[in-house]
Amino acid sequence: MTEHPAILNDLAGRWGLSGLELIGRGLEFSAYRARRQDGEPVVVRLAPRRYDSNANDPHVDTRALLAQEYELTRYLAAYGLPVAQPMELILADESSSSDALLTTYVHDDGSDLDSFALGRLLARLHSVPPPRLRPVASEGMPTAGAIAARIRRRWGEIGRYIGDWSEPPDPSLISRHLSGVTEDSLIHLDIRSDNTRRRRGNVVALLDWSNALLGCSAVEFGRLTEYARYPENGLDLAAIRSGYAETTAVPPDNDPALSVCRLDAALMLALVFLAEAPDPIRGPAAADHAREIAHTVTTLRM
């Protein structure tokens with residue numbers, strides 16, 4: 001327990017926890033496993049800083065993200081969706097800079113992700129009525145506008161790392177391709193192995209709703225298509241599509257909105273490998289891949 005021990009000890013006393021153990025650390029949050037007095041395992045998700053910044057997202061409000069996690073998981077649990085059940089949200093006072101969320105701990109048996117079953121689960125998620133909130137990732141805009149804005153921003157950011165970086169796609173073209181994006185569904189937009197808890201391959205909890213948006217399947221599948229290119233994400237895209245198609249239509253590969261959302265994801269991943277977790281091989285390759293998708297987007301016909 002090396003990060004903010006006093007805060008964690010205060011929380012442990014408040015909630016009657018013991019055995020705090022760091023189990024994960026991301027850009028904005030750290031996660032600690034502990035046990036309640038009745039022996040049940042729980043997770044404390046801690047935001048060490050009130051605000052954060054990174055190459056992909058220069059203005060991150062960690063309090064807003066924790067509050068969203070609390071609200072969305074409560075909402076989805078009521079519909080029977082597998083999530084880590086939220087228990088209590090603690091917002092810091094003036095004497096402390098750290099907010100925290102207490103949730104149930106969901107056991108994982110270490111099995112590989114069943115992508116077909118994941119596809120069926122995503123179809124269930126997308127069928128749930130969207131909650132009445134504007135997700136943090138939308139930055140106060142309609143979803144199509146938010147995606148277009150971050151494509152422009154992230155394209156420019158990559159130019160700081162790639163010397164021969166080209167001009168961005170025409171913003172008006174991007175907007176036209178996104179014109180069919182509806183906000184009929186809640187989409188997770190960060191589906192990968194690390195954000196699932198599994199038993200016998202089946203997802204028993206979808207974790208980390210920081211990237212969630214109100215959108216449609218094309219937005220989700222744009223991100224999934226790019227994530228599936230990296231083996232560590234554990235995604236079989238064909239199997240996901242097959243599972244999803246059991247109950248609802250899968251967006252076609254030539255859907256303009258899906259292509260633009262692939263570009264959105266590819267730019268995000270390029271910045272991950274160029275700046276956030278620098279990789280001298282993956283970084284430039286991811287930037288080249290994003291540029292290839294941008295070329296495809298500019299040649300698509302509506």
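Nothing in this text is a laboratory measurement; each read-out follows from the coordinates by a stated rule. Predicted model, so just to flag it, every value in this text is computed and none were measured. Cβ: placed from backbone, ideal geometry, glycine included. Neighbour counts: every protein chain shown.
Data overview
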{"item": "Per-residue Cβ neighbour rank within 10 angstrom, fewest leading, 261, 216", "result": "216, 261"}
{"item": "Peptides 114-127, 217-230, 240-253 ordered by average Cβ neighbours within 10 Å, highest first", "result": "217-230, 114-127, 240-253"}
{"item": "Relative contact order (percent, whole number), segment 115-299, Cα cutoff 8 Å, 6+ residue spacing", "result": "29"}
{"item": "The chain - Rg over Rh from alpha carbon coordinates, Kirkwood radius", "result": "0.97"}
{"item": "Volume per residue of the C-alpha convex hull in segment 5-104, rounded to whole Å³", "result": "109"}
{"item": "Ascending count of other beta-carbon atoms within 10 Å, so fewest first, for 165, 209", "result": "165, 209"}
{"item": "Efficiency of FRET between residue 193 and residue 79 - r from beta-carbon atoms, R0 22 angstrom, step 0.05", "result": "0.40"}
{"item": "Acute angle (nearest 10 degrees) that the helix 143-158 long axis makes with the longest principal axis of the chain, alpha-carbon atoms", "result": "80"}
{"item": "For segment 214-242 versus segment 1-59, the gap between their alpha-carbon centres in whole angstrom", "result": "29"}
{"item": "Sequence ranges 75-81, 105-111, ranked by mean other-Cβ count within 10 angstrom, highest first", "result": "75-81, 105-111"}
{"item": "In sequence order, calculated HN-Hα J values of segment 30-44 (Karplus, 6.51, -1.76, 1.60; Hz; x Gly/Pro)", "result": "10, 10, 10, 8, 8, 10, 6, 5, 7, x, 6, x, 9, 10, 9"}
{"item": "Local electrostatic count at residue 157 - Lys and Arg +1, Asp and Glu -1, tallied over other residues with Cβ under 15 Å", "result": "+2"}
{"item": "Neighbour net charge for residue 42 - beta-carbon separation under 13 angstrom, K R +1, D E -1", "result": "+1"}
{"item": "Note, ³J(HN,Hα) from phi for segment 196-207, Karplus 6.51, -1.76, 1.60, rounded to Hz, x at Gly and Pro", "result": "10, 10, 10, 9, 6, x, 7, 6, 10, 6, 8, 9"}
{"item": "Note, ³J(HN,Hα) from phi for segment 278-288, Karplus 6.51, -1.76, 1.60, rounded to Hz, x at Gly and Pro", "result": "x, 9, x, 8, 5, x, x, 5, 5, 5, 4"}
{"item": "222 nm mean residue ellipticity, helices alone, for the chain (DSSP H n ≥ 4; -39,500 (n - 2.57); rounded to 500)", "result": "-12500 deg cm²/dmol"}
{"item": "For peptides 27-40, 185-198, sequence by mean Cβ density within 10 Å, most packed first", "result": "185-198, 27-40"}
{"item": "Simple label model, 7 Å out from Cα along Cβ direction - residue 35 to residue 91, nm", "result": "3.4"}
{"item": "Under-5 Å amide H pairs with residue 205, H placed in peptide plane, nonlocal only", "result": "197"}
